[in-house]
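Working notes for the structure below.
No lab work stands behind these numbers, since they all come straight from the coordinates. Everything quoted here is computed from the prediction, not taken from an experiment. Please note: Cβ atoms are built from the backbone with ideal geometry, for glycine as well, and neighbour counts cover all protein chains shown.
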Amino acid sequence: MAVRQCAASGQFGPPITIPSNPSMGWMASAEQYAQIESLIRQITGAAGVPPICLDLLAWDHAHD
């Protein structure tokens, strides 16, 4: 949810609309994938953590 909100805000580049329950099938192109990857790198860079930390946080949240 936090990544979706950051994407929509435009704070880290052009606004991106991410569905509430996205899957890899939602990715329409390599360019869209690169845009999401860049967003994640910018978010984690602003937080001062490596991108894998966001993956771990999302995994833990989904499996509580």
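What are the pairs, 6+ residues apart or on separate chains, where a residue within the stretch 48-60 that is under 16 Å from Ser38 (Cβ atoms) has its Cβ under 6 Å from a residue that is surrounded by 13 or more Cβ atoms within 10 Å (Cβ to Cβ) and among the polar types (S, T, N, Q)?
Matching pairs, first to second residue: Pro51/Thr44; Leu54/Thr44.
Report, by residue number, each residue of the stretch 21-33 that is in a helix (DSSP H, G or I) and farther than 19 Å from Met1 by Cα.
Within the stretch 21-33, Ala30, Glu31 meet the criteria.
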